[in-house]
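Q: Following this message is one structure expressed as structure tokens.
The values are calculated or read from the model by the stated rules, or taken from the named source; none is laboratory data. Just so it is clear, the model here is predicted, and its values are computed rather than measured. Cβ placement follows ideal geometry from the backbone for every residue including glycine, while neighbour counts extend to all protein chains displayed.
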Amino acid sequence: MSHILVVGGGIAGVTAATALAQSGFRTTLLEAAPQFGEIGAGVTLSPNAMKGLDFIGVMEEVASAGVEPFRQRIQHWKDGCTLVTMDRADQRGRYGAPYVYVHRADLHAILVEAAREAGVELVTNAAATRVEGTTVHTADGRRFSADAVIGSDGVKSVIRQRFEPLPAHFTGHVAWRALVPISPELAELANFPGVHIGPGKMVTRYPVRNKELLNLVFFARQPGWTDDGWTIRSDPKELIAAYDGWCDEVQAMIFAAAQGPLFKWAINARTPLPTWVQNGNVALIGDAAHAMTPFLGHGAACAIEDAVVLARALEASPGIAEGLDRFVAARHARATFIQAESNANADRMQGQETDMFGLGALRNEESLGLFDYDCRTVRV
Ligand SMILES: Cc1cc2nc3c(=O)[nH]c(=O)nc-3n(C[C@H](O)[C@H](O)[C@H](O)COP(=O)(O)OP(=O)(O)OC[C@H]3O[C@@H](n4cnc5c(N)ncnc54)[C@H](O)[C@@H]3O)c2cc1C
């Protein structure tokens, strides 16, 4: 039985480790943090992502932990008027899987439990510092060896350094993120989730955790990021100033976000690599392979798709090298396309002429056909 070492226990790594173990591989998952977990924020899982979770047997559990919206809208920054309404009813009928908003911690708990049940060896406090062949060295001096190493260690990936020495780049976008209780003032915004768009900025909101919490993300373009860290404490005055003149609904969301500690994130990404495989035994998945801007809400979806296609390709191949090649052949074009379209979507939604948005054919994750993809059956 081949032994696979997965480095990084985020959405990509835990899903991949589970799928690999379920496919019959001995699997070890290394995570740098003292415990498996995720940040306090929401994530949107489109039907194509949920099909991947179905492959590892947790789709309905995740859907139950989340919220399935039946509609969404895009609104004007200044007066809040609705520019476009998206019908999200019957996503199961249309795409064979639901569209779900979920708290990242809830999703992660379900994924880690699935990994445990599948027999994955879970190792925490194991920060990879370098890879030699298929041996991973960790910060505390341990070494882990296997037949193949899968780098799922996120946008700052150590494993990716074997492919290119460059660090991730700042995309020119920042985000303030908050999870707030759904007060009566926010109830209508939670019932009809969506995004307010305006020149250079947008505000996303949706409910999670049985509609008790509203996930808020305020995106803005900023010319540079000079702090060492990628997440810094932010004074609410900065957020208030950034959205000066935006409509009352946005002001209500800012007021709610300002009640708790507020953090600002640099949105970093990666330029496409020609391949995600080296020497037939080291590969990258998820953000380590193709970190993208979040303007199509598809980074986690791509991570889940990678994980499932990787396990299927390895299981279908006589050897690891062939399996990894088949994985890249099946996934590279789609992920690279989504990276480019995510950037283009920011330009579309944050353009100067908000009044004109939605007058022509809408180009978004659904109209691009991303929801139709099925990682359970795509050719490997
Ligand atoms: C504001 C924002 C909103 C987003 N919204 C959405 C959305 O709605 N839908 C969607 O599909 N995507 C969304 N995304 C993208 C999505 O969050 C990411 O693409 C996804 O989380 C990537 O998962 P990952 O497992 O590849 O990486 P990560 O989540 O970064 O996980 C990497 C893991 O590796 C561990 N690690 C790091 N270094 C090491 C090391 N050296 N050794 C061992 N372990 C290590 C980390 O601790 C972590 O657990 C959003 C992103 C942002 C910034």
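Q: Take the stretch 126-144 and flag every residue that is under 18 Å from Ala12 (Cα atoms) and not in a strand (DSSP E or B).
A: Result: Ala126, Ala127.
Q: Tally up the residues in the stretch 344-367 that are under 15 Å from Phe295 (Cβ atoms), touching a residue at least 60 places away in the same chain (Cβ under 8 Å) and not aromatic (Phe, Trp, Tyr), please.
A: Residues in the stretch 344-367 being under 15 Å from Phe295 (Cβ atoms), touching a residue at least 60 places away in the same chain (Cβ under 8 Å) and not aromatic (Phe, Trp, Tyr): 8 in total.
For (1) without any contact (Cβ under 8 Å) to a residue 40 or more places away in the chain; (2) among the small types (Gly, Ala, Ser); (3) on the phi < 0 side of the Ramachandran plot; (4) crowded, with 18+ Cβ neighbours inside 10 Å, each residue gets a yes or a no:
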| residue | (1), (2), (3), (4) |
| --- | --- |
| Gly42 | no, yes, yes, yes |
| Pro47 | no, no, yes, yes |
| Phe55 | no, no, yes, yes |
| Gly80 | no, yes, no, no |
| Ala97 | no, yes, yes, yes |
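Q: Related question: Of a type in the set (Gly, Ala, Ser), modelled with pLDDT of 95 or more, exposed (fewer than 13 other Cβ atoms within 10 Å of the Cβ) and out of contact with any strand residue (DSSP E or B) (no Cβ under 8 Å at 6 or more places or on another chain), is that true of Ala241?
A: So Ala241 passes the test.
Q: Checking the conditions here, which among Gln75, Gln91 is touching a His at 6+ places or on another chain (Cβ under 6 Å), away from the ligand (no atom under 11 Å from the Cβ) and closer than 30 Å to Gly198 by Cα?
A: Matching residue, one of Gln75, Gln91: Gln75.
Q: Within the stretch 28-42, can one find any residue that is within 9 Å of the ligand (Cβ to nearest atom) and hydroxyl-bearing (Ser, Thr, Tyr)?
A: No.
Q: Out of all the residues in the stretch 21-35, which are touching a strand residue (DSSP E or B) at 6+ places or on another chain (Cβ under 8 Å) and surrounded by fewer than 20 Cβ atoms within 10 Å (Cβ to Cβ)?
A: Matches in the stretch 21-35: Arg26, Ala32.
Q: Would you point out the residue of the stretch 295-308, among those that are near the ligand (Cβ under 7 Å from one of its atoms) and small (Gly, Ala, Ser), that is farthest from Val195 (Cα to Cα)?
A: Ala303
Q: Within the stretch 272-294, take every residue that is within 9 Å of the ligand (Cβ to nearest atom) and assigned to a loop (DSSP other than H, G, I, E, B) and give me the one that is surrounded by the most Cβ atoms within 10 Å (Cβ to Cβ).
A: Taking the candidates together, the pick is Ile285.
Q: Among the residues of the stretch 150-167, write down those that are more than 9 Å from the ligand (Cβ to nearest atom), at pLDDT 95 or above and part of a loop (DSSP other than H, G, I, E, B).
A: Result: Phe163, Glu164.
Q: Could you list, in sequence order, the residues of the stretch 167-192 that are of a type in the set (A, V, I, L, M) and touching a residue at least 24 places away in the same chain (Cβ under 8 Å)?
A: Ala168, Val174, Ala175, Ala178, Leu179, Val180, Ile182, Leu186, Leu189, Ala190
Q: Moving on. When you look at Gly200, is it over 21 Å from the mean Cα position of the chain (by Cα), away from the ligand (no atom under 12 Å from the Cβ), surrounded by fewer than 18 Cβ atoms within 10 Å (Cβ to Cβ) and closer than 24 Å to Ala33 by Cα, yes or no?
A: No, not satisfied.
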